Amino acid sequence: MTTLAPTSSSTAAPPLPPTPRRIGAPLRPRDFGWADAGILAASLLSSFLLVWVVFYQVTLLSGIFGFLLCWYAAFLALYWVVTTQVVDRQAATDRTATVVVVTGAFLVLGIVAFIVGWVTWKGVGHLHTNLFVKDMSHFVPADRNVLHQIGVLHAIVGTVEQVGIAAAIGVPVAVTTAVFLNEVGGRGTRIVRTVVTAMSGLPSIVAGVFVYSILVETSVSRYSGFLASLALFILILPSVTRTTEEVLRIVPGGLREASLALGASEFRTVWSVVLPTARSGMITASLLGIAIAVGETAPLIFTSFGNNNMNVNPFHGAQAALPLVLYDFVRQPQGALIDLAYATAFILLALVLILFVLARVLGRQRSTSGALRARLRSVLRPSARSGGSENPSPVGGRAGRPPLEILTVSPNPKEPLLP
Amino acid sequence: MTLTATNDRNTVSDVQPTPGTGAAGLVAREVCAWFSGRLVLEGVTLAMPRSTVTALIGPSGCGKSTFLRILNRMHELVPGAQLAGSVELDGTDIYAGRLRATDTRRNIGMVFQKPNPFPAMSIYDNVLSGLKFSRISVSDRDALVEVSLTKAGLWNEVKNRMRELGGALSGGQQQRLCIARALAVEPRVLLMDEPCSALDPTSTARIEQTIADIADEVTVVIVTHNMQQAQRVSDVCAFFLAAENEPGRIIEAGPTDVIFGSPTDERTSDYVHGRFG
């Protein structure tokens, strides 16, 4: 609800405060009344019935997807027509467009919620402690009795190591490339950008076959987790590079100028000003890359190969990974193994979620360790946070940041605070 | 002589920054500037005496800011920028091949039109950023921060907020933080490119006070569109003008009271009295 600021108070105090009135026409969710809901529900129902009669009874078409599409189209048309009876045409068009946009949002949200919910529902019930502490060395697919004795710890270790190494190589290389593209420039920019763009269209299995054919087939190396990291590195490089480049591009040019005008070299400018300013965006970029790498299965078949036994050394010998184990389980005929596959998928999702949360927390706070401790403290003690928000400073105390008092609890010893 | 923008930028040299401290005089001789082959500034010769405030005035697009950026070698950062002539800092040409641009910029600081504190750094770190970039160590950092902020007239407002981010300040405070940041490396000349154009009158007055306070220890060159400001803060004034499709030139330069009181050129008189521009 939009309220107007009270007008001049030079006259005597009015007996009643001015009544706020709404300005502007758009229908906002909070204004959504019973009448609006009724129109929406009636449109949904009548379009359903209409399309059902026409689609299945009159034209004898079949198929659920065609029906849903026709229903939705008829619903929009009907909703628009009905709304024009209540408000004018422009407002009706506006509300219909709102419905389309909201549908899109709910569709995406629904798909994600459905996938996560389905995997959780099917997987959580089959989680047991052994899954996290054992490997599959005693695994016999036909023997139901060993199913509770096996675990996927070896695959968790493999995935963490392979993705970790891939990110440890990939993120610095990608950031360096992005800095080259955006900060250094020059003749090579166009060709590098073209190559990076072309790489982002590379099918993941090709990356695996590429590493296989130049390293395994030529007997340079045997299967190992590190080879998987190399394949994953090829896959995350273009994504992280392009995203980082976009993030660097929105760092204001004035900051670079300010730094150079202080006598900083171009390297110092990038290192101390541009990259710290873009830090949170770069963490998002790295996350996207890691999210790509965690779920890849195809390139692993050719590189880390898979292994039922625990192998903690990523540089020697075949190594398991969660997607590979998942793939193995799903292909087995027994229902019990399919259940294990869901449990494994749940672990994979949880792993990605933990990584995301971790990176978000790290990305939000400032780099000094003192500030990190202070943030943890403020998170653990919500009362301290609310107390600090009474900071009288006019422009300080921005939402989401720990207040100054908490930050100064444990200052970095290298940077003494001023009195 | 025409220098290309990049040929001497990364020259490795063991030449130390121009020796000496305290305010230094700047002399520009026959400076011409090009952007991608287009001449934008021609034959500018101007002396900016030690410990004075020089104001560069003139309508938009006459090359004042370009000239200012030539004075600390920021001009060469623009791709396709070229230059002729020389700029001498206490008699040493800053464009001589052996000198590094970074050393020049440390001696000749700059404050920009739009306040640009580093958003990822606290107020404290912002002030010290120039030293950090140049790897200069200071025995008492806290004292330096206090002195710099005091010179910029900001200390009392921020002394209890040292750990807040620079972006949390108001626009006028941010600009004074930028001045403090520029002063912390102890430049010998400070260039200001319309430092008050984005600020309210109160903040403008604070910054003008700051300019008056620091003029003893650092030579100030300021670009401004505000005639009253030029009159208030400057000792020397240079009037730039560019005729249509022609490069900018200095029409008249001299003591501020002469430029505003009895200019010899009619165009100067028209401009300072607000008859055009």
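The values are calculated or read from the model by the stated rules, or taken from the named source; none is laboratory data. Since we're looking at a predicted model, the values are computed, not measured. With ideal geometry, Cβ positions are generated from the backbone for all residues, glycine too; neighbour counts draw on all protein chains shown. Heavy atoms of the whole protein, side chains included, go into the accessibility calculation; ligands, DNA and RNA do not. Shrake-Rupley method; radii C 1.70, N 1.55, O 1.52, S 1.80 Å.
For this structure, a couple of remarks:
- Only one of the listed residues (A:Ala278, A:Ala258, A:Ala264) is within 14 Å of another protein chain (Cβ to nearest Cβ), under 30 Å from B:Val185 (Cβ atoms) and in contact with a strand residue (DSSP E or B) (Cβ under 9 Å, 6 or more places away or on another chain). That residue is A:Ala258.
- Yes/no for B:Ile108 being under 22 Å from B:Thr45 (Cβ atoms) and within 9 Å of another protein chain (Cβ to nearest Cβ): yes
- Residue in segment A:173-183 that is open to solvent by less than 70 Å² (accessible area, probe 1.4 Å), assigned by TED's automatic domain parsing to the domain that holds A:Leu326, under 30 Å from A:Glu266 (Cβ atoms) and free of Cβ contacts under 8 Å to residues at least 24 places away in the same chain present: yes
- Candidate set from segment B:177-213 (those that are among the small types (Gly, Ala, Ser) and assigned to a helix (DSSP H, G or I)); member that is farthest from B:Arg50 (Cα to Cα): B:Ser203
- In segment A:148-171, the residues that are open to solvent by 10 Å² or more (accessible area, probe 1.4 Å), under 20 Å from the mean Cα position of the chain (by Cα) and farther than 13 Å from A:Phe226 by Cβ: A:Val160, A:Ala167, A:Val171
- Segment B:111-129 - residue that is open to solvent by 40 Å² or more (accessible area, probe 1.4 Å) and in contact with a strand residue (DSSP E or B) (Cβ under 7 Å, 6 or more places away or on another chain) and, of those, nearest to the other protein chains (Cβ to nearest Cβ): B:Pro119
- A count restricted to segment A:28-76 and to residues that are open to solvent by less than 50 Å² (accessible area, probe 1.4 Å) and on the phi > 0 side of the Ramachandran plot stands at 1.
- Going through (1) open to solvent by 60 Å² or more (accessible area, probe 1.4 Å); (2) facing chain A (nearest Cβ under 7 Å); (3) within 18 Å of the chain's Cα centre (by Cα) one by one, B:Lys132 falls short only on (3).
- Residue tally, condition among the charged types (D, E, K, R) and open to solvent by less than 40 Å² (accessible area, probe 1.4 Å), over segment B:135-175: 4
- Residue that is in contact (Cβ under 8 Å) with a residue 12 or more places away in the chain, in contact with a strand residue (DSSP E or B) (Cβ under 6 Å, 6 or more places away or on another chain) and hydroxyl-bearing (Ser, Thr, Tyr), where the choices are A:Ser304, A:Ser286: A:Ser304
- Unique match (being more than 14 Å from the chain's Cα centre (by Cα) and more than 12 Å from chain A (Cβ to nearest Cβ)) among B:Asp200, B:Asp142: B:Asp200
- Filter result (among the β-branched types (Val, Ile, Thr) and more than 7 Å from every other protein chain (Cβ to nearest Cβ)) within segment B:146-186: B:Val147, B:Thr150, B:Val158, B:Ile179
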